[in-house]
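The values are calculated or read from the model by the stated rules, or taken from the named source; none is laboratory data. The structure presented is a predicted model; accordingly, all values stated were derived computationally and were not measured. Note that we place each Cβ from the backbone using ideal geometry, even for glycine, and neighbour counts take in every protein chain shown. Each accessible area value is taken on the protein alone, full model and side chains, heavy atoms only, with ligands, DNA and RNA left out. Shrake-Rupley method; radii C 1.70, N 1.55, O 1.52, S 1.80 Å.
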Amino acid sequence: MLHVLSRFLQMLVIIAFLSVALFGLLSAMPGNPVDMLITSNPNVKPEDVIRLKKLRGLDKPWYVQYVRWIWGYHEPHRPAQVDFMESITVKLNDDNEAFVKINLDNRLRDPDFRFSKEQLWAEIENNKPLLAKEIKNDRYIKNATKGQVVDKILEKVAIKDGDFYVKLSTILREKAEKSLKIVGLFGSRANGLVVSNTFTKDGLQPMWFIVKDSKGLETVSSILVDVLPKNNVAKTTEDYFYVDSIKSQVVDDPKTFKVALSDFIIKSKNQKIVSYELDKNSPGVIDENGIYRHIFKEPGQTAISFWAVNENGENAKGAFSVEHEPIANKDVFNRGFLFFFAGDKGALGFSTTYKRPVWELLSGRVSNTFSLMFPAILLSLLIAIPLGVLSAYKQYSLVDYSTNFFAFIGISLPVFWFGIMVMYVFAEKLQWFPAGGIQTPGISDEGFSAIFSDRIAHSVLPVVVLSIAYIGRWLRYMRASMLEILPSDYIRTARAKGLSEKTVILKHALRNALIPVVTVLALSIPTLFGGAVLTETVFAWPGIGRLQYDAVMNSDYYVAIVVFLISALLVMFGNLLADLLYVIVDPRIRNE
């Protein structure tokens, strides 16, 4: 027992080191999500690439990414969002003024606003006391973790009372809006969720404002206001001078971050910009060429407002947000790989290729692969061991030569070529078996017996192809081991005692010959698993081998590393199985 425990601890240490090595290797390979984004969309912008790297943690060293994968990480806080608002039209009054007042109610969203459990219970109890009592006693809620309980409560409310869930969602949205703070820019004033400004000249002009959430993340937005003159006759001029829309900028390297604001100035050819100025509340500097620079030392998102002045003294005002390092959202924690062993299936990660959790991919495919491996192992053993014993017993006979000849053919056959040949003969020409797949489409409604027989028919060819090479190898190992045992003194002694040849071979020779063969058989399990990659690819068998191939080809990190670790676990399991079989086969080890 102590030996098995020590081997198990060794397995854990090896798996830990192997996971580090695999993660480092996969991280160094080309084809990460950033590369895939660039190749799949040639119009992708540099800020999108930087943003993706920050959100995925790909801008961190590989060992930091490993810790994120193995333990988990907090989701970054998301800034407030402002719904699109159409432009509004106003007219200058007799005093050449146009007052604009806009209510932003139902147009702002805080995607990270969350009720606490206590606040949520209070809202439900105030409106639906019976429903609150029923949900509180629900086992589904009691078993929820601290980070999941709010979502679980809302889920139960939606199931129990859909109308109240809609009402509760409205309350949540209103609370979220009230948690946001509006700050006016360039003369705009904010009072709660109401933004106002007074315009003194006609033309299309933006009314700028900042939306700040509870974490201090600042989002810049504006509403276009079309100001008409008193006489409804707009001035016609070829001169224009304004700041174009500036998307949120993302800091890649704080030391080299800069924004060329001059690129966003739209002006007529005869105009010249004489200066740039920053708003007093905006950090950083702008030089005479319109280059904005600042080293952001704290994480978050900051609003920057500025204006450009032309030679006529006219101002063109603009604003934008700068995303520095993300702020961790303590309420949303993505559990890492280790939490899988605590029962969290989602901790294995998410497949970027299949757009599904890794657990969902593995749950069906592992069983599909084992449904190939176990029959292949059983078939290989049932053929290889008896033939190996027979070949050794009849050494240098026609049986021995024939057996060795076919064993070498089985060892030498390429799996992919043999699979194609078998498929061509038995599926295409003779049509005895299906050419590929795991079952016939549409047979799911035919009943258990029909489905079972169909699955067997589909598995015959891949099982034969997968086992043919291992029959040859194991036969040769068995033959060599028997040839070493048969000349032994205790075999001659058994025969001298008058024991039957069958007893001598099967009880005395075979049992001792199996001791070295057990190691080979146990350690061949992961090799058999590797052979399933080619077999599953040839026969379009939806197993874990095919999944491993697709994951590597598509740089699907989470899937690839989990499948590689399964292969490593099979190696460890093979070693442990060999130790256990030694105890069964060799009485000397059992007595020790």
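Observations on the model:
- Evaluating Asp344 against the criteria (1) under 21 Å from the mean Cα position of the chain (by Cα); (2) over 23 Å from Val82 (Cβ atoms); (3) in contact (Cβ under 8 Å) with a residue 60 or more places away in the chain leaves one unmet condition, (3).
- Breaking point among (1) part of a helix (DSSP H, G or I); (2) among the aliphatic types (A, V, I, L, M); (3) over 34 Å from the mean Cα position of the chain (by Cα), for Leu499: (1)
- Residue in the stretch 457-473 that is more than 30 Å from Ser391 (Cα to Cα), in contact (Cβ under 8 Å) with a residue 24 or more places away in the chain and not aliphatic (A, V, I, L, M) present: yes
- Filtered residues of the stretch 257-273 (kept if open to solvent by less than 90 Å² (accessible area, probe 1.4 Å) and either β-branched (Val, Ile, Thr) or farther than 29 Å from Arg78 by Cα (or both)): Val259, Ile265, Ile266, Lys267, Ser268, Gln271, Ile273
- Odd one out for Gly437, checked against (1) assigned to a helix (DSSP H, G or I); (2) over 18 Å from Leu379 (Cα atoms); (3) in contact (Cβ under 8 Å) with a residue 60 or more places away in the chain: (1)
- Picking from residues in the stretch 56-94 that are aliphatic (A, V, I, L, M) and farther than 30 Å from Val195 by Cβ, the one that is surrounded by the fewest Cβ atoms within 10 Å (Cβ to Cβ) is Val64.
- Across the stretch 326-339, the qualifying residues are those that are in contact with a Phe, Trp or Tyr (Cβ under 8 Å, 6 or more places away or on another chain) and in a helix (DSSP H, G or I), and the one among them that is surrounded by the fewest Cβ atoms within 10 Å (Cβ to Cβ) is Leu338.
- The set of residues in the stretch 173-208 that are within 30 Å of Ala132 (Cα to Cα) and crowded, with 18+ Cβ neighbours inside 10 Å comprises Ala176, Glu177, Leu180.
- Residue within the stretch 202-221 that is touching a residue at least 24 places away in the same chain (Cβ under 8 Å), more than 30 Å from Ser116 (Cβ to Cβ), of a type in the set (Ser, Thr, Tyr) and in contact with a strand residue (DSSP E or B) (Cβ under 8 Å, 6 or more places away or on another chain) present: no
- Residues being among the small types (Gly, Ala, Ser), surrounded by 19 or more Cβ atoms within 10 Å (Cβ to Cβ) and over 34 Å from the mean Cα position of the chain (by Cα) - total across the stretch 410-425: 1
- The stretch 304-325, subset open to solvent by 50 Å² or more (accessible area, probe 1.4 Å) and touching a strand residue (DSSP E or B) at 6+ places or on another chain (Cβ under 7 Å), residue farthest from Pro111 (Cα to Cα): Glu311
- Restricting attention to the stretch 95-144, the residues being small (Gly, Ala, Ser), loosely packed, with under 15 Cβ neighbours inside 10 Å and touching a residue at least 12 places away in the same chain (Cβ under 8 Å) number 1.
- Filtered residue count, the stretch 407-434, keeping only those that are closer than 18 Å to Leu379 by Cα and β-branched (Val, Ile, Thr): 4
- Selected residue (criterion: nearest to the chain's Cα centre (by Cα)) from residues of the stretch 230-251 that are at pLDDT 80 or above and either assigned to a strand (DSSP E or B) or loosely packed, with under 15 Cβ neighbours inside 10 Å (or both): Val250
- The stretch 567-590: number of residues that are open to solvent by less than 40 Å² (accessible area, probe 1.4 Å) and either part of a helix (DSSP H, G or I) or at pLDDT 75 or above (or both): 9
- On the stretch given as the stretch 285-298, residues that are open to solvent by less than 30 Å² (accessible area, probe 1.4 Å) and either touching a Cys at 6+ places or on another chain (Cβ under 9 Å) or without any contact (Cβ under 8 Å) to a residue 24 or more places away in the chain (or both) total 0.
- Criterion: buried (at least 20 other Cβ atoms within 10 Å of the Cβ) and closer than 30 Å to Ile124 by Cβ - qualifying residue of Val211, Val227, Val220: Val211
- Qualifying residue in the stretch 447-460 (condition: closer than 30 Å to Phe408 by Cβ, loosely packed, with under 13 Cβ neighbours inside 10 Å and in contact with a helix residue (DSSP H, G or I) (Cβ under 8 Å, 6 or more places away or on another chain)): no
- Filter result for Lys53 (among the basic types (Lys, Arg), open to solvent by 50 Å² or more (accessible area, probe 1.4 Å) and in a loop (DSSP other than H, G, I, E, B)): no
- Selection within the stretch 346-369 - in a helix (DSSP H, G or I) and buried (at least 16 other Cβ atoms within 10 Å of the Cβ): Ala347, Leu348, Val358, Trp359, Leu361, Leu362, Arg365, Asn368, Thr369
- Figure legend. Inter-residue proximity from the stretch 50-71: first residues within 17 Å of Phe333 (Cβ to Cβ) and at pLDDT below 75, second residues among the aromatic types (Phe, Trp, Tyr) and surrounded by fewer than 16 Cβ atoms within 10 Å (Cβ to Cβ), beta-carbon distance below 7 Å, spacing 6+ or different chains. No pairs are indicated.
- Of the residues making up the stretch 412-426, those that are among the hydrophobic types (A, V, I, L, M, F, W, C) and at pLDDT 80 or above are Trp417, Phe418, Ile420, Met421, Val422, Met423, Val425, Phe426.
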